[in-house]
């Protein structure tokens, strides 16, 4: 019986709910890049998508680790990446200049909200929602 359940136990230890969401978002991002490259009517160029995803993920990561350092708590390594990817899907649009600023502002606001909008170590509002509302 252990032979049958063994691989499942390994997967359940490695594939946490955060990691499952992260993998799903990465697959969706890959699909967005493929559609953008193959479909002329998609509306966004792959270079635009690349810029927005890099800005969202980098700003989210830097601000999360900076806030964690200042408050002296350990950051959740999957959470900031999930937030950056969600904001990549929610925020892009408009001209290239305003879109980059919008994604950067939204990602920074989302990361800060994880440390400011909390009650008894619980988030009051989803950080991606906080970032989207800020924009």
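Can you find, within the range 115-132, the residue that is farthest from residue 52 (Cα to Cα) among those that are outside any loop (DSSP other than H, G, I, E, B) and free of Cβ contacts under 8 Å to residues at least 24 places away in the same chain?
Looking at residues that are outside any loop (DSSP other than H, G, I, E, B) and free of Cβ contacts under 8 Å to residues at least 24 places away in the same chain, I get 119.
Could you check how many residues of the range 115-135 are out of contact with any helix residue (DSSP H, G or I) (no Cβ under 9 Å at 6 or more places or on another chain) and at pLDDT 90 or above?
0
Check whether at least one residue in the range 74-92 is surrounded by fewer than 14 Cβ atoms within 10 Å (Cβ to Cβ) and touching a helix residue (DSSP H, G or I) at 6+ places or on another chain (Cβ under 8 Å), and report yes or no.
Yes, the range 74-92 contains at least one residue that is surrounded by fewer than 14 Cβ atoms within 10 Å (Cβ to Cβ) and touching a helix residue (DSSP H, G or I) at 6+ places or on another chain (Cβ under 8 Å).
When residues of the range 37-56 are filtered for being part of a helix (DSSP H, G or I) and in contact (Cβ under 8 Å) with a residue 24 or more places away in the chain, how many remain?
Of the residues in the range 37-56, 7 are part of a helix (DSSP H, G or I) and in contact (Cβ under 8 Å) with a residue 24 or more places away in the chain.
Within the range 57-114, how many residues turn out to be under 21 Å from residue 45 (Cβ atoms), at pLDDT 90 or above and not in a helix (DSSP H, G or I)?
Selection size over the range 57-114: 0.
Answer yes or no: is there a residue in the range 22-36 that is surrounded by 13 or more Cβ atoms within 10 Å (Cβ to Cβ), assigned to a helix (DSSP H, G or I) and without any contact (Cβ under 8 Å) to a residue 12 or more places away in the chain.
Yes, the range 22-36 contains at least one residue that is surrounded by 13 or more Cβ atoms within 10 Å (Cβ to Cβ), assigned to a helix (DSSP H, G or I) and without any contact (Cβ under 8 Å) to a residue 12 or more places away in the chain.
The values are calculated or read from the model by the stated rules, or taken from the named source; none is laboratory data. Because the structure is a prediction, the values reported are computed rather than measured. In this analysis, Cβ positions are derived from the backbone assuming ideal geometry, glycine residues included, and neighbour counts consider all displayed protein chains.
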